[in-house]
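Read-outs: derived from the displayed coordinates by stated rules, not from any lab. In this text the structure is predicted, and so the values were computed from the model without any measurement. Backbone-built Cβ (ideal geometry, glycine too); neighbour counts: all protein chains shown.
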Amino acid sequence: MEISPKKEQFELRRMATEFCYDEYADYIAYKRLVSIEFNKERKKKLELIAKTEYDHFNFWRKYTTFKPSFKSILYSYFLVLLRLIFGVTFVIKLLERGEDKAVERYRTVLDLIQTEEDRRVVERIIQDELDHEQYFVSQLDEIIVKYMSALVLGLADAIIEITGTHAGTLGTTSSTIITGAVGLVVGISAAISMASASYLQTKHEMGKSPTMAALITGSGYILAVALMSLPYFVISNIVLAFVASIAISILLVMIFTFQGSVYTNSSFIMDFLQTVGLVLGVALLAYFLGDILSAVLGIKELIK
């Protein structure tokens, strides 16, 4: 059954409106990123991407009525916040993450466009989404991207090891200060060890600085250790302090798994659940081990 010309025009207008909102939101976001970028080379590349997005928006709005929404402005400021935390490459990867679906929608609308000239424009837009913008994304080079594996290594190892340390100590003492201190001592020692291992490993990798890799690994480790140990120094109840520390560890897991899923286009939910399951499993095992050793060796009696 053929679609009537009237219905085709309605569908084209509806889809063009959606495209306008998407392209305008991306254009505003890129312009905002340009305004806070100090690296001249990256600034030029971001300006080129912003211009591409604006050209796309400008084409679609001739098929529909469009009024900029406040939502697009808020969205751009949210992306600026993410840029300050995770870096510009992360934000661009996030913006470009849905481009495969966008390309499919553009291909669908090709059948609704009547003029050959506009069809060629849409085909060029599709090509932009497939190649042009990804080219610029691939050219963006940041330390946070280059040493992402070192950062994740430090954070992941710290979260699992310090959670286990705190849980094990929980089975031997009810003192929050002792538990927090043990976590810091173990954590700082492990941070030095991990930084040294990262230095030695990176010596065999081309294009990376062993010193930078060691600093990032160690810094990530110490940051996680400090945040996870903090509740034991501000909360007197050992159980509440442990719960707060676990909550911080889950928040850290959420941040670095989300970041990793954006860079690798993998499933955030699956990675997050697997890592949280591992953290909680280690905590449970360490608690029972600490409890058993405490009972066998009489540790609780010794440190009362």
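Taking each of Lys7/Lys62; Lys71/Lys101; Lys44/Lys67; Lys40/Lys71 in turn, the alpha-carbon distance tops 23 angstrom for Lys44/Lys67; Lys40/Lys71. Here r is the Cβ-Cβ distance between Leu110 and Ser267 and R0 is 41 Å; the resulting FRET efficiency, rounded to 0.05, is 0.85.
Rg and Dmax of segment 18-114, both derived from C-alpha coordinates alone, stand at 14.0, 45 Å. So, counting K/R as plus one and D/E as minus one, what does the shell of residues with Cβ under 11 Å around Gly187 add up to? Overall, the nearby charge balance is -2. Note on Ile292 and Met212: with the Förster distance fixed at 30 Å, the Cβ-Cβ geometry gives a FRET efficiency of about 0.10. With θ taken as phi - 60° and the Karplus curve 6.51 cos²θ - 1.76 cosθ + 1.60 applied, the whole-hertz 3J(HN,Hα) list for segment 26-34 is 5, 4, 4, 4, 5, 4, 5, 5, 4 Hz, x standing for glycine and proline.
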